[in-house]
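Below is one structure; the comments refer to it alone.
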C-alpha cells in the first residue's frame with residue numbers, strides 16, 4: 001500500500017496515489033491508495049519485505065516499472081528514480 005507520495009518525486013510524476021483515509025480499529029490503517037502488485041514484472045505479494053525494499057530502491061536515473069491496483073483497476077507506472085529524495089523507497 002502506498003501511504004505517501006513525495007512532492008516532485010518520480011512517484012508523483014508517474015501519478016502514484018497515496019492512501020487518503022485512515023480507519024482506526026486498534027491500529028492505524030491507511031486505505032484507498034494504490035497497492036503495488038508487481039515491480040519490474042516481479043509479483044510483490046510473494047516477496048519478502050527486505051527483498052521488496054531492495055526492488056523499489058536504487059540509484060537516481062534507474063528505471064522502475066510498477067503494476068498498481070487502484071480499487072478494482074490495474075494501472076502501470078513507469079518511474080525514473082530522482083536524486084534528492086534518497087531514503088524514500090519510491091521517491092527515487
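The values are calculated or read from the model by the stated rules, or taken from the named source; none is laboratory data. Treat the numbers as computed from the prediction; the structure is a model and nothing was measured. Every residue, glycine among them, receives a Cβ derived from its backbone with ideal geometry; neighbour counts consider all protein chains shown.
Considering only residues of region 45-86 that are touching a residue at least 40 places away in the same chain (Cβ under 8 Å), touching a strand residue (DSSP E or B) at 6+ places or on another chain (Cβ under 6 Å) and surrounded by 12 or more Cβ atoms within 10 Å (Cβ to Cβ), which is nearest to residue 35 (Cα to Cα)? Taking the candidates together, the pick is 68. Cβ-Cβ contacts under 6 Å between residues 6 or more apart (or on different chains), taken from a first residue in region 11-27 that is closer than 21 Å to residue 83 by Cα to a second residue that is surrounded by 11 or more Cβ atoms within 10 Å (Cβ to Cβ) and modelled with pLDDT of 85 or more, are listed as 14/77; 14/79; 16/34; 16/77; 17/34. Of the strands (runs of 3 or more DSSP E) lying entirely inside the chain, those containing at least 3 residues that are modelled with pLDDT under 85 are 21-24, 28-31.
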